[in-house]
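Please read the structure below before turning to the comments.
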Amino acid sequence: MCGLNALLCDDSLGRAAIEKMNAATTHRGPDSSAYISIPWHKQQSLFLGFNRLKIVDVHERANQPFQSSDKRFALLFNGQLYNYIALKNQLLTKGVSFSTASDTEVVLHWLSLYGEKGLADFQGMFALVFVDAQEKTFFTARDAQGMKPLYYAQSDEALLISSECRGIFASGLISKRFNHEAIPYYLAYKAAPAPATFFQDVWELPPQNIGRFPENRAAEISSYTLKKSEHVERISLREGLQEALFNHLQGEVNGGIFLSGGIDSTLLLALLQDLGISLPAFSIQFTDSPSPDSEYAQKAAKQYGAAWFPTPVDASLWDDFEAFVHSVDQPIADSAAWLTQLLAQSARKRGITFALSGAGADELFAGYNRHAAFWQALNHPQLMQILKAGQGALLPLLGLFSSERKRHAQQFLRALSPSAQETFLRFCAMQAELPAFEKKELRNPEEAIRWALQHDQRHYLVEDVLALSDRMSMWQALELRLPFLDKTVVEIAQQYTAQELLAKGRKTPLRELLIQMDGKPYVQRSKMGFGMPLSQFFHSQAALALFEASFPAGHPLHAYIPSSTYQALIAAHRAGKRDYAAEIYSYLLLFRWFSVNFID
């Protein structure tokens, strides 16, 4: 819901620097911007800056940085604590008084009483900085799923913390240097390998971790534990999702929902109707290459009683590619980022301040095609060996299928490996050469699927899905909320076995629940990824001009990526030999982003 910035440095440098950091992240919280300074060791001060997007207790009294009445404790809190009312009631029994109705004040008092151990009780999405001015200590923390970001950097002059990398560099106290070591991982998995970033000496705090910064020492990063929900074994998936939706609707501003017409967002819409709640629904509508998504989204909105607002998208969108690249904090080679920004922009124009999203459901409930493919490979190892051995004869026959089915089949056959772990990683990767990974023996299908889901939750979900969801929605000052990642729902999902998740198809529990709510048509439709129609555009003449502008001779990235690498992909794609659209987009975005950040 906001953007936080913190800076520990010499008094003479801090005020101008924290103002620049706030200015660089004002898009995250346009409703108020402020900072305070707290005297620290020697000639240093701790500067706390904040840009607020007002959602809960919209009055000025709840603005941040937030301090206790005696000024001992201070807090920067980006996000939403969904169980803050329950925690507040506990604090009231201890004689704690409140001056606001915000969740921020609850967080401050809770941490004042319980310190780092108090994080175990939090249910929500957040990144925070908590300060004890009396003891001259502070710590940072991030929610368990990684829904809200936090970055930090240390130099001889300063310690810098921000919601975005751009906030750190805006300070002027650290130089921006490209981390070329992130390239191989990015080209395989679409994002930088967290906790590393595309910038040298800038790090991302991992989910469910605490960061401590002792004087003149390196950062100390460690995980914290969460308390298990007491009622999770007594409620159904439907009840858990209903509870999550109630939690995620907290606020004094207008909310909406991003609707793709797929299982996850449609299920949320159906559950909202079941609760007697109607939110406006926002969808992407491709006009050049019509997609079933918008048709199903319109149908779902009508069926479940939601006003529907499509956002038309056609090839002219590429005229704005440069503006989009300028909004990108770090490159994520997932075109869903651009679409998310467009949806957020559309929602904001209609007075929406927060929106619900179905993100996270696939990683929890085994909803991707790769999960289903992996399940089949695990349960039919002899057949897989036959297919692998005969792929030379099989691949030419794939021309009989649609381009989408052909692409999936090609990827499936090429990914098969004697190692189950390597097979799944190849299902995830965009290229044959995998970055180094820690090898693990997976002894049976159950163990293998559990590992695969945990891998997706730790990597793809955090580095791609949640990163783009936050950055692109907050670029438009809209908070995206994710009910499927509610603590209770996560714990319910973890109770399902691989057999229960996949034996009847991808994410069986969600499918069965939506069928119960008259959503069979949305369950029977084929899985569509949320992204741009890249393949079609990269065949166009307009794409050639974009390639020429984005891949100039002598580009510094050619030191790490020979031009022949992407030129071969472009030529093969345009000749119709294979669909390399995702790979081409990854190079295109990286090269343009590099130019914007290090050349232009």
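A few points about this structure:
- Convex hull projection area averaged over all views, the chain, Cα basis, nm²: 26.8 nm²
- Here the range 45-117 and the range 582-600 have alpha carbon centers that stand 40 Å from each other.
- Theoretical ellipticity at 222 nm over the chain - DSSP helices of four or more residues, -39500 (n - 2.57) apiece, nearest 500: -12500 deg cm²/dmol
- The range 475-518, Cα convex hull volume normalised per residue, Å³: 124 Å³
- Phi angles of the range 419-436 translate, via the Karplus equation with coefficients 6.51, -1.76, 1.60 and θ = phi - 60°, into HN-Hα couplings of 8, 4, 4, 5, 4, 5, 4, 6, 4, 7, 7, 8, 9, 5, 7, 8, x, 4 Hz per residue; Gly and Pro are given as x.
- Computed across the range 502-546, the Kirkwood radius stands at 13.3 Å (inverse of mean 1/r, all Cα pairs).
- With distances taken between every two different alpha-carbon atoms, the range 154-257 has a Kirkwood hydrodynamic radius of 17.7 Å.
- Too-long pairs where the Cα-Cα distance tops 30 Å, listed order kept, from LYS176/LYS577; LYS71/LYS176; LYS440/LYS507; LYS88/LYS507: LYS176/LYS577; LYS71/LYS176; LYS88/LYS507
- Each residue, HIS41 and ALA218, gets one label point 7 Å from its Cα in the Cβ direction; the gap between the two is 1.7 nm.
- Taking only the C-alpha atoms of the range 93-137, the Rg (one decimal) and the largest Cα-Cα distance, Dmax (whole number), read 11.1, 29 Å.
- Scaled to the globular estimate 2.2 N^0.38 Å, the Cα spread of the range 223-376, given as radius of gyration, is 1.17.
- A simple rule links phi to the HN-Hα coupling: the Karplus curve 6.51 cos²θ - 1.76 cosθ + 1.60 with θ = phi - 60°, which for the range 489-499 gives 5, 4, 5, 5, 4, 5, 7, 6, 7, 4, 4 Hz, with x for Gly and Pro.
- Semi-axes of the equivalent ellipsoid of the range 95-190 are 31, 18, 11 Å, computed as sqrt(5λ) over the eigenvalues of the C-alpha gyration tensor in descending order.
- The chain, accessible surface, carbon-and-sulfur percent (1.4 angstrom probe): 50 percent
- Accessible surface, the range 496-600, averaged per residue in Å² (probe 1.4 Å): 46 Å²
- The range 135-169 and the range 266-331: distance between their alpha carbon centers, rounded to Å: 33 Å
- Volume in Å³ per residue [convex hull over Cα atoms, computed for the range 471-568]: 245 Å³
- Extension gain, GLU441 to GLU230, is 72.6 nm, computed as 0.36 nm per intervening residue step minus the present C-alpha separation.
- Charge tally in the Cβ shell below 11 Å around VAL107, where Lys, Arg are +1 and Asp, Glu are -1, VAL107 excluded: -2
- With q set to 0.09, 0.20 Å⁻¹, the log10 of I(q)/I(0) for the range 14-146, from the Debye formula over equal scatterers at the Cα positions, is -0.25, -1.28.
- Counted over all Cα-Cα pairs of the range 116-165, pairs farther apart than 12 Å make up 69 percent.
- In summary, the convex hull built on the alpha carbon positions of the range 407-538 has an orientation-averaged projected area of 11.1 nm².
- Accessible-area value, VAL465, 1.4 Å probe, nucleic acids and ligands omitted, Å²: 20 Å²
- Amide H contacts under 5 Å for GLN200, placed H, 5+ residues apart: ARG177, PHE178, ASN179
- Taking amide H as placed 1.01 Å from N in the peptide plane, VAL313 has its amide H under 5 Å from the amide H of GLN285, PHE286, THR287, each at least 5 places away in sequence or on another chain.
- Other-chain or far-sequence residues with amide H under 5 Å of LYS527's (modelled H): none
- Whole-Hz couplings from phi, Karplus 6.51/-1.76/1.60, listed for the range 278-287; x for Gly and Pro: 10, 10, x, 10, 10, 9, 8, 10, 6, 9
The values are calculated or read from the model by the stated rules, or taken from the named source; none is laboratory data. A quick note: this is a predicted structure, and the numbers were derived from the prediction, not measured. In this analysis, Cβ positions are derived from the backbone assuming ideal geometry, glycine residues included, and neighbour counts consider all displayed protein chains. Ligands, DNA and RNA are stripped out before the accessible areas are found, and what is left, the full protein with its side chains, is counted by its heavy atoms. Shrake-Rupley method; radii C 1.70, N 1.55, O 1.52, S 1.80 Å.
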